[in-house]
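The values are calculated or read from the model by the stated rules, or taken from the named source; none is laboratory data. Please read all numbers here as calculations on a predicted model, not as lab measurements. Don't worry about glycine lacking a Cβ; one is built from the backbone with ideal geometry, like all the others, and counts go over all protein chains shown.
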Amino acid sequence: MKRAILLLNMGGPNNLDEVKIFLHNMFNDPRIISAPRPIRWLISKIIIAKRLKSATSNYELLGGRSPLVGQTQKLIDRLKTKVDADVHMAMRYTPPFAVDVLEELKDFDEIYAIPLYPQHSSTTTLSSFDDLFCEANKQGMTNKIKTLTSYQTHPLYIKSIVERIKEALNGSNASEYELIFSAHGLPQKIIDKGDPYEQHIIQTVQSAESALEQSGIRFANTHLAYQSRLGPIEWLRPYMDEKLHEFKDKKVIVFPVAFTIDNSETEFELDIEYRELADKIGIADYRVAKAPNSHPLFVECLADIYEEMSKK
């Protein structure tokens, strides 16, 4: 029995030439922009024209690439040592794409598709599943694939969050800090249509708060905010950039709760862009915790998920 684990994520540019590809595929995704295809194509062209230069500059500050694929490969290398399956990744908007990875997995008997977004959303989980099963259907592989929709309160995932927050504290007294869980935002209208993302985020935050308490780590206060909004429409609140204004002269630790792998939203938006804002506001100490990435506890989490899926 040949088994493979396929880790799913949205992807990120592997080089500056892929920035345009990344933006094109993102804004042509019907799960992101639900307009009919010709209108969606036109909207994407307008957005790319406005954002390409600034997006490329942002990735230049990160060394010319997103950290996401490299961090995912480190995770894969560690996970391979814990499971009886081969491990691969498939990205939604940049290589490696599902169409190419599935070609490599043709001879496998079972494929376990695990999203690297613990909180379920139509814009992430379902988007990746749309792409995966579209290609699997073309290659006659649909029946080989097993999926998981969410794992937002998995104990090992929560423990990995606690450990990353401990690392960010680095021995400092937690009671002197405000802890902000920062999640990627979504348009409010998507939530209003029944998307469970917001509720899943809240469940993750509540579980992490309980785990921190049980570990004897007590922050001054904990907060939830949302980053990365785009355009004039209403998104999930409170907005991260507005939330930071509450903490003049205070110490802050930010944990990127919607991301398991560091990417431009964590390493540029949170750690560069919002750090500049924190300095302007007068925040006394601003720290950004790492995402779980290839932390041993997150590796164990994925191994445990795979073991449970393989029993069904």
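The table below gives the values:
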{"quantity": "Any pair with Cβ under 8 angstrom, 6 or more apart, that starts in region 271-294 at a residue that is more than 16 Å from SER228 (Cα to Cα) and ends at one that is of a type in the set (Asp, Glu) and crowded, with 22+ Cβ neighbours inside 10 Å", "calculated": "LYS290/ASP262; ALA291/ASP262; ASN293/ASP262"}
{"quantity": "Test for ASP195: is it surrounded by 18 or more Cβ atoms within 10 Å (Cβ to Cβ) and assigned to a loop (DSSP other than H, G, I, E, B)", "calculated": "yes"}
{"quantity": "Hits in region 89-130 (condition: within 15 Å of the chain's Cα centre (by Cα) and not in a loop (DSSP other than H, G, I, E, B))", "calculated": "MET89, ALA90, MET91, ILE114, PRO115, SER122, THR123, THR124, THR125, LEU126, SER127, SER128"}
{"quantity": "Region 87-110 residues that are assigned by TED's automatic domain parsing to the domain that holds ARG31 and modelled with pLDDT of 95 or more, paired with ones that are surrounded by fewer than 23 Cβ atoms within 10 Å (Cβ to Cβ) and among the hydroxyl-bearing types (Ser, Thr, Tyr) (beta carbon under 7 Å, 6 or more apart)", "calculated": "ARG92/SER127"}
{"quantity": "Count of residues meeting criterion [crowded, with 20+ Cβ neighbours inside 10 Å, closer than 22 Å to ARG65 by Cβ and in contact with an Asp or Glu (Cβ under 8 Å, 6 or more places away or on another chain)] in region 91-111", "calculated": "4"}
{"quantity": "Total residues in region 1-31, condition part of a loop (DSSP other than H, G, I, E, B) and within 23 Å of ILE145 (Cβ to Cβ)", "calculated": "7"}
{"quantity": "Selected residue (criterion: surrounded by the fewest Cβ atoms within 10 Å (Cβ to Cβ)) from residues of region 112-149 that are among the hydroxyl-bearing types (Ser, Thr, Tyr) and farther than 21 Å from VAL99 by Cβ", "calculated": "THR149"}
{"quantity": "Qualifying residue in region 32-51 (condition: part of a loop (DSSP other than H, G, I, E, B) and either on the phi > 0 side of the Ramachandran plot or crowded, with 19+ Cβ neighbours inside 10 Å (or both))", "calculated": "yes"}
{"quantity": "Sole residue being among the basic types (Lys, Arg), at pLDDT 95 or above and in a strand (DSSP E or B), chosen from ARG287, ARG275", "calculated": "ARG287"}
{"quantity": "Exclusive hit being in the same structural domain as ILE283 (by TED's automatic domain parsing) and either part of a helix (DSSP H, G or I) or within 18 Å of the chain's Cα centre (by Cα) (or both), set ASP241, ASP249", "calculated": "ASP241"}
{"quantity": "Leading residue by the ranking (surrounded by the most Cβ atoms within 10 Å (Cβ to Cβ)) among those in region 150-162 that are in contact (Cβ under 8 Å) with a residue 60 or more places away in the chain and part of a loop (DSSP other than H, G, I, E, B)", "calculated": "TYR151"}
{"quantity": "Subset of region 163-189 [part of a helix (DSSP H, G or I) and either of a type in the set (Lys, Arg) or surrounded by fewer than 21 Cβ atoms within 10 Å (Cβ to Cβ) (or both)]", "calculated": "GLU163, ARG164, LYS166, GLU167, ALA168, LEU169, ALA174, SER175, GLU176, GLN188, LYS189"}
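Quick grid of which residues meet (1) touching a strand residue (DSSP E or B) at 6+ places or on another chain (Cβ under 7 Å); (2) part of a helix (DSSP H, G or I); (3) assigned by TED's automatic domain parsing to the domain that holds SER54; (4) not basic (Lys, Arg):
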| site | (1), (2), (3), (4) |
| --- | --- |
| GLN199 | no, yes, no, yes |
| THR204 | no, yes, no, yes |
| SER207 | no, yes, no, yes |
| ILE217 | no, no, no, yes |
| ALA225 | yes, no, no, yes |
| GLY231 | no, no, no, yes |
| HIS245 | no, yes, no, yes |
| VAL254 | yes, no, no, yes |
| ILE261 | yes, no, no, yes |
